[in-house]
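In what follows, a structure is listed as structure tokens, so that the remarks can point back to it.
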Amino acid sequence: MELVYVTVIGAGIGLLLRYVLPGRAAYGVLLLPAVGAMATAAVWVGMLWLGQRFDGGWIWVAALGAWAIASALVATLLSRRREAADAAASHRLTAGRV
């Protein structure tokens, strides 16, 4: 049951993170919540397999830490790559006249 809680928390905070980080026009509304949910669930299950108890503090810290790192990394890298691709496409379509 705690897996559901941590996944929903990761998705909810991922939705809030979308409005904190710059470059949100480069990706969709549900990308960061999906990445946050996936990262928290994967780390949670991995730590359970490694022997951590679901009511321990470190499993929560690791799962939510993975959410923060994964969401911030995806948002930063994707927005930079999208801006560069858009600039290259604009240059290519206008034949360098702009």
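Taken together, the values in this text are just the output of simple stated rules run on the coordinates, not laboratory data. On a predicted model such as this, the values are computed, not experimentally measured, just so you know. No Cβ is skipped: glycine too gets one built from the backbone with ideal geometry, and neighbour counts run over all protein chains shown.
Results, tabulated for the structure shown:
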read-out: Average projected area [Cα convex hull, the chain], square nanometres; value: 7.0 nm²
read-out: Highest-MSF residue in the chain out of Ala88, Ala25, Ala63 [GNM, Cα springs under 10 Å]; value: Ala88
read-out: Residues Ile9, Ile59, Ile69 arranged by fewest to most Cβ contacts within 10 Å; value: Ile69, Ile9, Ile59
read-out: Hypothetical label at Arg81: residues of segment 12-31 whose amide nitrogen lies under 15 Å (7 Å Cα-Cβ projection); value: 26-28, 31
read-out: Residues Val45, Val6, sorted so that the one with the fewest Cβ neighbours within 10 Å comes first; value: Val45, Val6
read-out: Neighbour cut-off at most 14 other Cβ (10 Å), DSSP loop, chymotrypsin sites (Phe, Trp or Tyr not before Pro), segment 12-76; value: Tyr19, Phe54
read-out: Leu73 versus Leu3: modelled label distance in nm, points set 7 Å from Cα along the beta carbon direction; value: 2.2 nm
